[in-house]
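Chemist: Shown below is the structure under consideration.
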Amino acid sequence: MGKLYVIDHPMIQHKLTIMRMKKTGSKDFRELLEEISMLMGYELTRELPLSEIEIETPMKKMKSNIISGKKPAIVPILRAGLGMVDGLLNLLPVAKVGHIGLYRDHETCEPVFYYCKLPFDIEQREVIICDPMLATGGSASDAIRMLKEKNCSTIRLMCLVAAPEGINRVQKNHPDVDIYTASYDEGLDEHAYILPGLGDAGDRIFGTK
C-alpha cells in the first residue's frame with residue numbers, strides 16, 4: 001500500500017491557515033501556494049538517491065554527493081495544479097513539466113478529460129502529480145492511470161488538502177502511489193467540496209469567482 005505523508009511543518013501549517021481564510025485575496029493565495037509547494041517539495045524529495053563524485057573546491061579535491069537516478073517530471077492537473085509548479089521548479093529546476101487537463105462534472109462529480117501533453121521521455125522520469133485539492137480522488141486516479149498507460153513506474157501525488165474519500169479512492173485504485181498532503185481534512189459536503197477545505201482552489205488562484 002502506498003504511504004500517506006501528512007507534512008505538518010510549522011511554516012507549512014502557518015501558511016495554509018492564511019490560505020484557508022475567506023478574506024485572503026488571489027495574489028496572496030497564489031504566493032502562499034507557491035511557497036508551500038516548495039516547502040513540501042523538500043519532504044517529497046527526501047529519499048532521492050545520491051551518488052558520489054570527485055570535485056575540486058578552492059582549497060582541495062574532495063568527494064561529494066549529487067542527486068542521481070531518474071530525473072523528475074512535474075505534472076499539474078489543470079487548472080489549479082498550475083499554482084504549485086513554480087514552487088516545485090524552484091527546488092527542481094531541471095524538471096520537465098507536463099500537463100493533464102481534467103475538470104469536474106458538477107452533476108456527477110466525476111472527472112472529464114480534455115487535455116494531455118507530457119514530456120517525450122516521461123516513462124524515464126520520476127513523476128510528481130500536483131493538485132491543491134484531493135476531494136473525491138477521481139481526477140488524481142485518472143491522472144495516475146494515464147501516466148501508467150505511458151509506462152511511468154515511479155509516481156507520487158502531492159496535494160495541499162485531502163479528504164478521506166479521496167485518499168481512500170487513490171489508495172484503492174493505485175496502491176503503489178505515495179500521497180503527500182499538508183492537511184487531512186474532515187470530509188466532503190453534499191457537493192463533493194472538501195470541509196473545511198479552502199474553497200475552489202482554481203477560482204481563488206486565478207480570481208475567476
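The values are calculated or read from the model by the stated rules, or taken from the named source; none is laboratory data. This structure is a prediction, so every number in the text was calculated from the model and none was measured. Please note: Cβ atoms are built from the backbone with ideal geometry, for glycine as well, and neighbour counts cover all protein chains shown. Areas reflect the complete protein model, heavy atoms only, side chains present, ligands, DNA and RNA absent. Shrake-Rupley method; radii C 1.70, N 1.55, O 1.52, S 1.80 Å.
Chemist: Scan the stretch 154-172 residue by residue and report those that are open to solvent by less than 10 Å² (accessible area, probe 1.4 Å) and either out of contact with any helix residue (DSSP H, G or I) (no Cβ under 6 Å at 6 or more places or on another chain) or outside any helix (DSSP H, G or I) (or both).
Modeler: LEU157, MET158, CYS159, LEU160, VAL161, ALA162, ALA163, GLY166, ILE167
Chemist: Name the residues in the stretch 1-23 that are over 21 Å from TYR42 (Cα atoms) and in contact (Cβ under 8 Å) with a residue 24 or more places away in the chain, would you?
Modeler: Correct list: MET1, ARG20, LYS22.
Chemist: When the stretch 1-38 is examined, which residues are found to be in a helix (DSSP H, G or I) and of a type in the set (Ser, Thr, Tyr)? Spell out how you get there, then give the answer.
Modeler: As a first pass, look at the stretch 1-38 and keep what is in a helix (DSSP H, G or I): 10-20, 26-38.
Selection gives THR17, SER26, SER37.
Chemist: Being at pLDDT below 90 and either buried (at least 24 other Cβ atoms within 10 Å of the Cβ) or on the phi > 0 side of the Ramachandran plot (or both) is the filter here, so list the residues in the stretch 95-153 that pass it.
Modeler: Listed by number, the list holds a single entry, CYS109.
Chemist: Here's another thing I want to ask about it. Being in contact with a strand residue (DSSP E or B) (Cβ under 8 Å, 6 or more places away or on another chain) and among the polar types (S, T, N, Q) is the requirement here; does SER153 meet it?
Modeler: No; evaluated as a whole, the condition is false for this residue.
Chemist: State which residue is most open to solvent (accessible area, probe 1.4 Å) when the search covers only the stretch 173-193 and only residues that are touching a residue at least 40 places away in the same chain (Cβ under 8 Å) and in a strand (DSSP E or B).
Modeler: TYR184
Chemist: Quick check, is LYS71 open to solvent by 100 Å² or more (accessible area, probe 1.4 Å) and either closer than 17 Å to CYS152 by Cβ or in contact with a Cys (Cβ under 9 Å, 6 or more places away or on another chain) (or both)?
Modeler: Yes; evaluated as a whole, the condition is true for this residue.
Chemist: Same structure again: Applying the selection to the stretch 61-90, what residues are without any contact (Cβ under 8 Å) to a residue 60 or more places away in the chain and over 30 Å from ARG204 (Cβ atoms)?
Modeler: Selection gives LYS61, MET62, LYS63, SER64, ASN65, ILE66, ILE67, SER68, GLY69, LYS71.
Chemist: If you scan the stretch 39-56, which residues turn out to be outside any loop (DSSP other than H, G, I, E, B), under 19 Å from ARG125 (Cβ atoms) and open to solvent by 50 Å² or more (accessible area, probe 1.4 Å)?
Modeler: Once the filter is applied, which keeps residues that are outside any loop (DSSP other than H, G, I, E, B), under 19 Å from ARG125 (Cβ atoms) and open to solvent by 50 Å² or more (accessible area, probe 1.4 Å), the stretch 39-56 yields only LEU50.
Chemist: Restricting attention to the stretch 5-38, and to residues there that are polar (S, T, N, Q) and over 22 Å from ARG156 (Cβ atoms), which single residue is least open to solvent (accessible area, probe 1.4 Å)?
Modeler: Among those that are polar (S, T, N, Q) and over 22 Å from ARG156 (Cβ atoms), it is THR24.
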